[in-house]
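The values are calculated or read from the model by the stated rules, or taken from the named source; none is laboratory data. Here the structure is a predicted model, which means the values were calculated and not measured. Every residue, glycine among them, receives a Cβ derived from its backbone with ideal geometry; neighbour counts consider all protein chains shown. Keep in mind that these areas ignore ligands, DNA and RNA; they rest on the heavy atoms of the full protein, side chains included. Shrake-Rupley method; radii C 1.70, N 1.55, O 1.52, S 1.80 Å.
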Amino acid sequence: MSDIMELVITKNTGEMEFHQAVQEVIETVKPVLDRNPEYRQAAVLERITEPERIIIFRVPWMDDQGQVHVNRGFRVEMSSAIGPYKGGLRFHPSVTLSIMKFLAFEQVFKNALTTLAMGGGKGGADFNPKGKSDSEVMRFCQSFMAELFRHIGPNTDIPAGDIGVGAREIGYLFGMYKKLANEFTGVLTGKSLNWGGSLIRPEATGYGSVYFAAEMLATRNQTLEGKVCLVSGAGNVAQFTTEKILELGGKVVTLSDSSGYIYDEGGINEEKLAYVKRLKNSQRGRIEEYKEKYPNALYTKADLTLDHNPLWNHKAVCAFPSATENEINGNDAWNLVNNGVSLVSEGSNMPSTPEAIEIFIDNKLLFAPGKAANAGGVAVSGLEMAQNSMRLNWPKEEVDNRLKIIMKSIHKTCLDAAVDYGKPGNYLAGANIAGFVHVVDAMLDQGLI
Ligand code: NDP
Ligand code: 2IT
């Protein structure tokens with residue numbers, strides 16, 4: 001193990017997800033340090049693995065019965081080398097400092113790949129929005145923002161959504177920020193359309209992941225037409241990934257939530273997808289209900305005692321993990337390979353374990369790491385910030401076009417960096433190296449800060 005990795009593990013005891021994200025980057029950027037000894041002298045690895053600032057705070061709130069609850073809120077401001085801190089907020093019971101730090105770390109390189117001026121950050125709370133009333137969610141969001149507002153701003157730190165934070169939560173968070181700061185600014189992205197949001201922002205992560213997949217397939221003279229795809233998750237990213245795959249002629253046969261997954265051999269068509277959107281976004285129901293509406297589908301309950309996830313064990317050509325981290329382990333990766341999957345585009349952040357990634361790369365799959373494949377979401381957040389600054393809204397076609405151009409450019413950047421460092425076709429190395437060089441060069445320009 002490298003000295004720097006030992007240092008990161010010692011200084012961040014027990015933060016397994018953070019270690020995992022750092023280890024991957026450190027391993028892939030080693031050739032960059034070997035070629036540029038001045039980077040070592042400037043201790044760039046030590047600097048980028050130490051967040052610029054971490055804010056941890058108490059979030060007390062009252063439920064509908066008058067019972068008080070306390071959650072823990074976080075904002076990790078990882079790097080402002082190329083722009084103000086930018087990244088989502090996650091509300092999920094599994095949120096820990098380690099999860100926040102891994103996500104903030106990934107965000108730094110992802111944002112650099114978009115070519116927009118955004119540093120990296122992430123935040124959230126160990127709050128579970130599931131089963132809570134709208135009023136409870138509102139009170140939680142208001143309490144969360146009552147502390148966060150003093151640390152963020154349209155030129156300082158601009159949060160957005162992530163797991164458990166969608167249009168409803170962004171609305172409540174924005175309302176409280178506006179009241180406390182007494183200003184109406186683009187301090188959050190993912191806002192609703194009628195008060196400052198951007199067209200295509202809800203679609204952007206999923207669409208971007210599919211645009212990236214289409215670019216990868218084009219390098220082998222293929223398209224998505226007729227290809228069977230496995231998609232995990234049933235939230236924002238999974239829904240719009242499915243929508244774009246259908247538009248490009250592919251067939252989606254799976255979707256999931258944390259309770260289980262459905263397999264619909266006939267394919268999830270537009271009508272079925274519209275049902276899933278209603279089920280998940282307004283009724284806040286479970287994916288299990290899909291099989292009551294469409295009885296030909298099979299539902300399998302999640303079983304955490306298994307050493308694999310059966311969702312990844314179906315005949316298919318493409319896989320789009322779009323739920324959460326470490327959702328594809330080594331066994332799942334072998335199942336994917338043995339079922340004929342030749343492309344994996346990571347819509348979620350760090351969905352593949354290091355073992356799974358090694359299997360994908362050894363077996364020559366087209367493998368797009370999350371920081372490249374899912375960068376479309378934050379890219380359109382950047383476009384939302386630009387529109388807010390100008391106080392105008394671009395039409396849908398313009399934003400979608402810019403998203404396509406950005407995903408195409410990230411794809412090329414990854415391939416070029418991979419070739420430059422002797423790893424042709426390795427998108428993981430390419431994404432990490434290109435993002436890293438962009439951020440580190442900006443840090444060095446700005447002196448020892
Ligand atoms: P949503 O909250 O909209 O949906 C998340 C989906 O994943 C739900 O179906 C949820 O199931 C499932 N899920 C969440 N946690 C777990 C878990 N621990 N185990 C199994 N299933 C789980 O979130 P998003 O779609 O926005 O986010 C999905 C992924 O994409 C995350 O990794 C996020 O970081 C990443 N991402 C999101 C972006 C965005 O713009 N929203 C941008 C880039 C990346 P359930 O309904 O049971 O909770
Ligand atoms: O992981 C991510 O890139 C996001 N959740 C979106 C962040 C953003 O600021 O739009």
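Quick notes on this structure:
Quick grid of which residues meet (1) aliphatic (A, V, I, L, M); (2) open to solvent by 40 Å² or more (accessible area, probe 1.4 Å); (3) at pLDDT 95 or above:
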residue: Y294; (1), (2), (3): no, no, yes
residue: L304; (1), (2), (3): yes, yes, no
residue: N338; (1), (2), (3): no, yes, yes
residue: S345; (1), (2), (3): no, no, yes
residue: P369; (1), (2), (3): no, no, yes
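- Only one of the numbered conditions (1) crowded, with 18+ Cβ neighbours inside 10 Å; (2) more than 11 Å from ligand 2 (Cβ to nearest atom); (3) of a type in the set (F, W, Y) is not met by Y85, and that is (2).
Let's see how each residue does on (1) on the phi < 0 side of the Ramachandran plot; (2) of a type in the set (S, T, Y):
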| site | (1), (2) |
| --- | --- |
| T300 | yes, yes |
| H308 | yes, no |
| G330 | yes, no |
| G340 | no, no |
| S345 | yes, yes |
| S381 | yes, yes |
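- Candidate set: region 154-163, residues that are open to solvent by less than 10 Å² (accessible area, probe 1.4 Å) and touching a helix residue (DSSP H, G or I) at 6+ places or on another chain (Cβ under 7 Å); chosen: the one farthest from ligand 1 (Cβ to nearest atom): D157
- Note on region 341-398: enclosed helices (runs of 4 or more DSSP H) holding 3 or more residues that are more than 10 Å from ligand 2 (Cβ to nearest atom) and without any contact (Cβ under 8 Å) to a residue 60 or more places away in the chain are 354-362.
- Some residue of region 266-289 being among the acidic types (D, E), open to solvent by less than 10 Å² (accessible area, probe 1.4 Å) and at pLDDT 95 or above: no
- Residues within region 174-194 that are small (G, A, S), over 21 Å from A204 (Cα atoms) and in a loop (DSSP other than H, G, I, E, B), tallied: 0
- Residue within region 316-336 that is at pLDDT 95 or above, within 16 Å of ligand 2 (Cβ to nearest atom) and part of a helix (DSSP H, G or I) present: no
- Total residues in region 394-445, condition open to solvent by less than 10 Å² (accessible area, probe 1.4 Å) and under 13 Å from V29 (Cβ atoms): 10
- Selection from region 395-449 of residues that are small (G, A, S) and at negative phi: S409, A417, A418, A429, G430, A431, A434, G435, A442
Results for (1) open to solvent by less than 60 Å² (accessible area, probe 1.4 Å); (2) more than 13 Å from ligand 2 (Cβ to nearest atom); (3) among the polar types (S, T, N, Q), shown as yes or no for each residue.
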| site | (1), (2), (3) |
| --- | --- |
| I152 | yes, no, no |
| V165 | yes, no, no |
| G171 | yes, yes, no |
| E183 | no, yes, no |
| T219 | no, yes, yes |
| V231 | yes, yes, no |
| Q239 | yes, yes, yes |
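Residues are listed down the side, and each one gets a yes or a no for (1) within 27 Å of the chain's Cα centre (by Cα); (2) open to solvent by 90 Å² or more (accessible area, probe 1.4 Å); (3) aromatic (F, W, Y):
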site: S2; (1), (2), (3): no, no, no
site: V22; (1), (2), (3): yes, no, no
site: I26; (1), (2), (3): yes, no, no
site: L45; (1), (2), (3): yes, no, no
site: P60; (1), (2), (3): no, no, no
site: Q67; (1), (2), (3): no, yes, no
